[in-house]
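Colleague: I have a structure I would like to understand better, so I am pasting it below and will then ask my questions one at a time.
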Amino acid sequence: MQEMIKERLMVLANAQNRLAEVSNRLNRMEKSVVAMERCSFDLLNKSDKMISMSKATLLLVEKLKEVLTGVNLDSVIDRDILAGIIDDIKSGIQSIYNTCMESNSSSHEIESEAVCQRENKEFINNTLEVIESSISSAIACAEMLLAQY
């Protein structure tokens, strides 16, 4: 009888350890959620920024078209104006590219956070099953002991 009680106490001790592990995982999961929220906010801001930069670059292209219709390509001043507009367009496109790269990095970070959360969810579900089984077993043992005494 004492051996059975010791076994059941070990089961309860295991359940307690698993509860501590679940608590640690929940803390990690909370940090993961905060990281995903931050990345989502960053992606939204970058997306808005890309839309704004794209619009500005399109306006520069329209300006270049207008200038080209009345340009005397032999004039040095007209060439300088065109070169400036082209440099502005290049700068706008480079900014859009850089922001796209940042967004891509954030997207990958969100993806890895989602994997982390999925793993945490599976761990918590499995642990809860172990705890439920352990507690049920301990209760059954306690009931049996109570019935004998």
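The values are calculated or read from the model by the stated rules, or taken from the named source; none is laboratory data. Note that the coordinates shown come from a computational prediction; the quantities given were computed from them, not determined experimentally. Neighbour counts run over all protein chains shown; Cβ positions are idealised from the backbone, glycine included. Keep in mind that these areas ignore ligands, DNA and RNA; they rest on the heavy atoms of the full protein, side chains included. Shrake-Rupley method; radii C 1.70, N 1.55, O 1.52, S 1.80 Å.
Colleague: Kindly express, to the nearest 10 degrees and within the range 0 to 90, the angle between helix 2-69's C-alpha long axis and the longest C-alpha principal axis of the chain.
Modeller: The helix 2-69 is inclined about 10 degrees to the chain.
Colleague: Taking only the Cα atoms of the chain, how large is their convex hull per residue, in Å³?
Modeller: Given the Cα convex hull of the chain, per-residue volume reads 97 Å³.
Colleague: If I compute solvent accessible area with a 1.4 Å probe over the protein chains, what percent of it on region 29-104 is carbon and sulfur?
Modeller: Reported share for carbon and sulfur atoms: 62 percent.
Colleague: Dipole of the chain, Cα-centred, from +1 at each Lys and Arg C-beta and -1 at each Asp and Glu C-beta, to the nearest 20 debye?
Modeller: 220
Colleague: Let me ask another. Give the cross-link partners of Lys31 among the aspartates and glutamates, using a straight C-alpha distance below 18 Å as the criterion and excluding same-chain residues fewer than 8 apart.
Modeller: Output for Lys31: Glu21, Asp42, Glu109, Glu111, Glu113, Glu119, Glu122.
Colleague: Then there is this: Residue farthest toward the positive end of the dipole of region 1-61, with Cβ of Lys/Arg at +1 and Asp/Glu at -1: which of Asn17, Leu59, Ser47?
Modeller: Leu59
Colleague: Would you calculate, for the chain, the mean residue ellipticity at 222 nm contributed by helices, counting each DSSP H stretch of 4 or more residues as -39,500 (n - 2.57) and dividing by all residues, to the nearest 500?
Modeller: Working: 2 runs with 141 residues, N = 149.
Only helices count here, giving -36000 deg cm²/dmol.
Colleague: Consider just the alpha-carbon atoms of region 91-146 and return their Rg together with their Dmax, both in angstrom.
Modeller: Reported Rg and Dmax, both Å: 24.2, 81.
Colleague: Turning to a different aspect of this structure: In degrees between 0 and 90, to the nearest 10, how far off the longest principal axis of the chain does helix 76-148 point, with axes built from Cα atoms?
Modeller: For helix 76-148, the angle is close to 10 degrees.
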